[in-house]
Amino acid sequence: MASIDLVFKKPFKTGNPVELVFGDDGGAPSIPDAQITLAARMPGLRVRAAVHVRKDLVAAGRMPGVRCRAVVRYNTDTPRPVVAEAVSVAQQAQAMAAGWTSGWQETDALPAGWTSAAQEAMPLRAQFGIAWQDGQRLGVAALGRFKQAQALPGAATLARWQESQSVRLGLQAKAEDAAPVRSGWLVRFEESLRDRRLLLQTSAQDAVGLQHLVTAGVGPAVPLYTGYLARYQQAIKPPAGKSVPKPPEPEKTGCYEQLVGGPIQLLFCRPWAPSTDLLFMCCKPVGPEPLPQFVIPLLPVYMQVHHLTAHLLPRLEPVVLTDVTISADDDSYCWSLSASGPEHLLDQLAPVGGLPQRLQVGIDGMQFVFAVTSTARSRSFDRRRVAVQGISVTAMLGAPYLPQQSWLSTSVATAQQLVVAALEFSGVDLDWQIPDWQVPAGAWSFQGTPLQAVLRMAESVNAVVRSHRTAVQLIVAPRYPVLPWEWGAAVPDVQMPAAIIVTDELRPDPRAEYNAVYVAGGSVGGVLGHVVRSLSARDKLAPQIQDDLITHADAARMRGSWELAASGNKLQHSISMPVLTGGSNPGILNPGQLLEVADTDGTWRGLVRGVSVSASMPRVRQQVTVERVAA
């Protein structure tokens with residue numbers, strides 16, 4: 001006979017004995033004097049029933065799929081306990097321990113006195129033993145700890161959280177900006193190298209001289225060049241002074257001064273020369289005095305950690321180089337490289353497709369890009385080395401990489417436009433740094449490579465051609481950015497003390513001195529210019545200069561002034577100095593920079609004509625050639 005599985009929807013109640021009541025509908029029993037007691041053992045519900053009936057036994061009802069075999073003994077008026085055993089496939093039921101937590105249960109009818117129907121389960125606070133509990137119905141006397149989140153005003157609020165509001169003790173203002181406050185300091189930012197003084201009570205402001213409210217012997221800070229080899233001086237606290245009722249009158253910006261009721265006075269800032277020409281100029285400075293772009297300070301010790309890197313472009317493949325030398329000067333148009341390395345460089349730096357590979361070399365973070373033009377192997381005993389030669393990538397504009405071409409101007413154009421046309425489709429950019437001039441049709445006729453065309457145009461006005469350190473770019477720059485007789489009033493590009501010089505060599509370079517020259521053009525649109533040095537007697541005439549591209553007064557002025565600037569006795573000063581980077585240090589110098597050196601016997605200035613950097617790790621030195629004017 002098949003077994004019967006009984007499935008219970010609700011957990012049974014705990015206690016002894018465990019009773020299963022069948023047919024209980026909550027009313028009076030149909031057989032009041034009959035009682036059936038079952039003892040069940042799970043799984044497998046099997047029933048043996050003993051029925052004691054005092055009166056007639058009446059059984060009614062039908063259970064689908066239930067079959068039963070029972071042995072009934074009838075004993076009249078004999079009270080006995082009912083013992084039963086049941087066998088079922090269900091698991092044996094276990095008594096539930098106290099504190100049993102069930103996620104769900106059947107809802108029961110609420111007893112009298114309860115007014116709350118149900119609420120969502122809410123997390124309990126820390127004072128409760130568990131984090132969560134099942135939602136229970138609340139009675140009349142029950143006080144819910146949680147309710148809809150509402151702002152609880154008053155001092156009796158028990159909420160642990162509220163809207164975040166900034167509350168300050170004794171704050172009277174409605175709002176103000178938060179500002180950091182340091183004890184005894186009101187300065188938010190400052191220079192990291194300047195000395196900080198105690199009791200300083202000032203806010204951040206631009207570094208300018210204060211002209212009023214304080215009258216003292218200490219005036220605004222100015223650059224000190226004599227005896228001091230730094231741009232800044234030590235800051236000091238001003239001495240006691242006195243207040244004035246109003247600021248002084250600002251200085252007049254005009255170049256001429258007129259007395260009240262009197263004639264206009266002309267103010268000259270230069271002495272007159274034995275000439276009938278009058279040169280008018282404004283001698284008053286406009287704005288603050290400009291400062292050098294790079295300054296090497298005077299320090300007891302200079303320390304620098306050098307780095308040398310080399311990579312192939314564009315894949316950035318590392319290259320091992322030693323004994324690297326990088327140089328450039330005004331007589332060449334590019335930077336050149338000379339280095340050595342292990343034997344495998346012979347294959348690593350070999351040309352690809354007939355074109356040289358590009359090599360990026362970095363010294364202390366300053367990058368240079370070269371086209372590798374030569375690799376040569378040398379052997380001595382058991383040592384094998386490869387010598388590497390390279391030049392700037394702008395050399396790809398010349399022979400043997402590009403063929404010769406012919407150029408002829410058929411319309412009016414400027415010199416810069418003609419150079420740009422020569423560089424068309426070459427991939428090389430142009431940085432034109434000299435005044436441009438107009439060239440008429442037919443005046444420009446040239447045959448050669450694009451690089452030779454650029455050099456020819458610059459040669460017509462005695463300009464120089466340089467190459468950018470990393471970019472594929474040619475630079476047409478003036479040979480003398482500042483004329484030698486104006487170096488004293490100009491702002492230098494680099495300022496340094498003589499103590500930074502490791503070794504130097506000074507050689508005289510005597511030249512004929514001229515103060516006037518005639519510059520003439522060609523037969524097509526040429527002009528004749530007479531260029532003289534200002535405030536000179538014009539009595540030392542240089543040989544006449546003739547060039548077909550002198551077709552404008554600006555071209556004649558550039559060519560003539562730079563010819564006169566190159567004349568006269570000069571000094572060639574060769575300086576060996578370290579490479580200093582960071583801060584205001586210049587690193588590797590560039591040709592064309594105006595250099596000022598505070599030497600032991602006085603300050604002198606000169607123009608950088610050439611630079612050669614040698615890196616033999618861990619030492620890096622640069623050799624600088626400077627053109628100076630002989631006293």
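Read the figures in this text as sums done on the coordinates, not as results from a lab. The model shown is predicted, which means the values in this text are computed figures rather than measured ones. All Cβ positions, glycine included, derive from the backbone under ideal geometry; neighbour counts span all protein chains shown.
Of note:
- Cβ charges +1 (Lys, Arg) and -1 (Asp, Glu), total dipole of segment 320-447, debye: 580 debye
- Cβ-based charge dipole, segment 484-629, positive-most Cα from VAL597, SER616, GLN572: SER616
- Subtracting the Cα-Cα distance of ALA489 and MET617 from their residue separation scaled by 0.36 nm leaves 42.1 nm.
- Gain in span if fully extended, ALA499 to GLN389, counting 0.36 nm per residue against the direct Cα distance: 36.2 nm
- Sequence ranges 328-337, 579-588, ranked by mean other-Cβ count within 10 angstrom, highest first: 328-337, 579-588
- The Cα trace of segment 484-629 gives Rg and Dmax of 18.8, 59 Å, the first to one decimal, the second as a whole number.
- In plain terms, the chain from ALA350 to SER574 could stretch by 77.1 nm, reckoned as 0.36 nm per residue minus the Cα-Cα distance.
- Label zone at ASP429, where the point sits 7 Å out along the Cα-to-Cβ direction: segment 469-496 residues whose backbone N lies under 17 Å: 469-477
- Relative contact order for segment 484-629, counting Cα pairs under 8 Å that sit 6 or more residues apart, in percent: 28 percent
- Cα-Cα pairs of segment 488-539 separated by more than 17 Å (percent): 70 percent
- Applying 1/(1 + (r/R0)^6) with r as the Cβ-Cβ distance of VAL524 and THR325 and R0 = 45 angstrom yields a FRET efficiency of 0.50.
- Taking Cβ atoms as reference points and 12 Å as the exclusive limit, the residues near HIS573 contribute a net charge of 0, counting Lys and Arg as +1 and Asp and Glu as -1.
- For segment 600-626, the residues whose amide N sits under 14 Å from a probe point set 7 Å from the Cα of SER338 along the beta carbon direction are 611-616, 623.
- Net dipole in debye of segment 476-631 [+1 Lys, Arg Cβ; -1 Asp, Glu Cβ; about Cα centre; nearest 20]: 120 debye
- Alpha-carbon radius of gyration plus Dmax, which is the widest Cα pair, for segment 381-446 in Å: 18.3, 65
- Here the label points at ASP539 and THR373, each 7 Å from Cα along the C-beta direction, are separated by 4.8 nm in the simple model.
- Selection of chymotrypsin sites (Phe, Trp or Tyr not before Pro), segment 514-591, meeting DSSP coil and at most 16 other Cβ within 10 Å: none
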